[in-house]
């Protein structure tokens, strides 16, 4: 059983709920770095490379530590609310880091797309 399955069973949530939580935190992270770098949020969210990087960070900074530190409380109805509160706070560390090389690639791609759009718009005038 992988860590996500252990977590969902341990805190009594569905995989869909867990996946939605992880994906929503990815979108929050993307929004932050899109704004800081003045690039399209849509390009950030659509980037498979960026999503893969984020999910690797998620595994390292959320799933593995959560299972390691709290698995003994999994399956305890009385603890499930507390465990959810804990895991909801854990992605905050990921929000302080970013893959500079991948962000630069998205910036360059964004510039290229904007350049092509400008050429198309100029040709229509």
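Remarks
- Some residue of the stretch 101-114 being at pLDDT 90 or above, surrounded by 11 or more Cβ atoms within 10 Å (Cβ to Cβ) and not in a helix (DSSP H, G or I): no
- Enumeration of residues in the stretch 7-21 that are surrounded by fewer than 16 Cβ atoms within 10 Å (Cβ to Cβ) and free of Cβ contacts under 8 Å to residues at least 40 places away in the same chain: 14, 15, 16, 17, 19, 20
- Matching option when the condition is under 20 Å from residue 21 (Cβ atoms), part of a helix (DSSP H, G or I) and either in contact with a helix residue (DSSP H, G or I) (Cβ under 7 Å, 6 or more places away or on another chain) or modelled with pLDDT of 95 or more (or both), among 90, 49: 90
- Residue match in the stretch 65-74 (condition: over 20 Å from residue 1 (Cβ atoms) and in a helix (DSSP H, G or I)): no
- Any chance residue 45 is surrounded by fewer than 17 Cβ atoms within 10 Å (Cβ to Cβ), touching a residue at least 24 places away in the same chain (Cβ under 8 Å) and under 14 Å from the mean Cα position of the chain (by Cα): no
- The residues on offer are 35, 31, 4, and the sole one that is under 11 Å from the mean Cα position of the chain (by Cα) and either without any contact (Cβ under 8 Å) to a residue 24 or more places away in the chain or in a helix (DSSP H, G or I) (or both) is 31.
- Lone unmet requirement of (1) closer than 16 Å to residue 7 by Cα; (2) in contact (Cβ under 8 Å) with a residue 40 or more places away in the chain; (3) touching a helix residue (DSSP H, G or I) at 6+ places or on another chain (Cβ under 8 Å) for residue 57: (1)
The values are calculated or read from the model by the stated rules, or taken from the named source; none is laboratory data. Keep in mind it's a predicted model, so treat the numbers as computed, not measured. Neighbour counts are summed over all protein chains in view; Cβ atoms, including those assigned to glycine, are modelled from backbone coordinates with ideal geometry.
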